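Structure, as structure tokens:
The values are calculated or read from the model by the stated rules, or taken from the named source; none is laboratory data. All values reported here derive from a predicted model rather than from experimental measurement. Please note: Cβ atoms are built from the backbone with ideal geometry, for glycine as well, and neighbour counts cover all protein chains shown.
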């Protein structure tokens with residue numbers, strides 16, 4: 001069966017520290033992968049998406065970056081966190097919109 | 001490019017009353033449309049989706065939505081609200097294609113009063 005793993009579940013980091021959030025998909029090959037952020041009182045904002053290994057597209061210029069070192073691994077990073085990076089981060093995958101999307105359980109990041 | 005507008009960031013209904021959450025989309029081609037629910041401190045759960053075919057879509061937990069192309073709408077309804085329906089609801093649109101990007105509305109927080 002196909003599953004998606006996202007970790008850690010919660011994270012508290014000081015301003016200026018680095019960040020690495022990991023998302024892994026199992027049971028499928030060459031999925032489309034997505035990172036979303038949900039800030040307090042706001043909707044789900046698409047940050048990055050990837051249609052293949054090493055292929056990253058950014059939707060919103062910001063303090064974050066993404067990488068896809070392996071087919072089913074998607075990493076969200078930052079060199080120096082800002083207070084505004086706080087939020088709930090969700091990873092998702094699909095093979096095709098027609099079949100729908102599967103979301104991870106999310107990471108709640110608090111930058112202090 | 002596609003976009004989604006959800007009218008009403010907060011909706012309050014009484015238990016047993018009709019639930020109506022509004023969603024309008026903007027798309028240059030026929031879209032795929034989705035409704036997701038998010039309970040506090042949890043991820044997203046798919047309620048229902050429209051891809052092709054019948055425009056009235058039935059989902060889980062008694063929810064349904066109707067795709068109205070002429071109105072560019074995909075409103076979510078439930079005949080009788082239950083306390084357990086209290087959550088945040090997101091409408092989303094995708095145009096498919098190579099990227100399959102899924103774009104969300106800003107969400108509607110549903111409160112159910114006893």
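Assorted remarks:
Residue by residue, here is whether (1) crowded, with 21+ Cβ neighbours inside 10 Å; (2) more than 24 Å from residue B:34 (Cβ to Cβ); (3) modelled with pLDDT under 95 holds:
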residue	(1), (2), (3)
A:36	yes, no, no
A:40	no, no, yes
A:84	no, yes, yes
A:106	yes, no, yes
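- Extreme residue, surrounded by the most Cβ atoms within 10 Å (Cβ to Cβ), among residues of the range A:42-53 that are closer than 23 Å to residue B:3 by Cβ and more than 10 Å from every other protein chain (Cβ to nearest Cβ): A:48
- Of all residues in the range B:101-114 being in a strand (DSSP E or B) and surrounded by fewer than 19 Cβ atoms within 10 Å (Cβ to Cβ), the one that is farthest from the other protein chains (Cβ to nearest Cβ): B:113
- Tally of residues being under 17 Å from residue A:44 (Cα atoms), modelled with pLDDT of 95 or more and surrounded by fewer than 14 Cβ atoms within 10 Å (Cβ to Cβ) across the range B:11-52: 0
- Filtered residue count, the range B:31-41, keeping only those that are assigned to a loop (DSSP other than H, G, I, E, B) and either within 15 Å of residue B:110 (Cβ to Cβ) or in contact (Cβ under 8 Å) with a residue 12 or more places away in the chain (or both): 3
- Meets criteria (under 22 Å from residue A:34 (Cβ atoms), in contact with a strand residue (DSSP E or B) (Cβ under 7 Å, 6 or more places away or on another chain) and outside any strand (DSSP E or B)) for residue B:98: yes
- Among the candidates A:47, A:11, the residue that is over 11 Å from the mean Cα position of the chain (by Cα) and either at pLDDT 90 or above or not in a loop (DSSP other than H, G, I, E, B) (or both) is uniquely A:11.
- Which numbered condition residue B:65 fails, given (1) crowded, with 19+ Cβ neighbours inside 10 Å; (2) within 11 Å of chain A (Cβ to nearest Cβ); (3) in contact (Cβ under 8 Å) with a residue 12 or more places away in the chain: (2)
- The range B:70-95: number of residues that are part of a strand (DSSP E or B) and more than 14 Å from chain A (Cβ to nearest Cβ): 6
- For the range A:54-75, the condition holds for at least one residue, the condition being that it is away from chain B (no Cβ under 12 Å), over 12 Å from the mean Cα position of the chain (by Cα) and crowded, with 19+ Cβ neighbours inside 10 Å.
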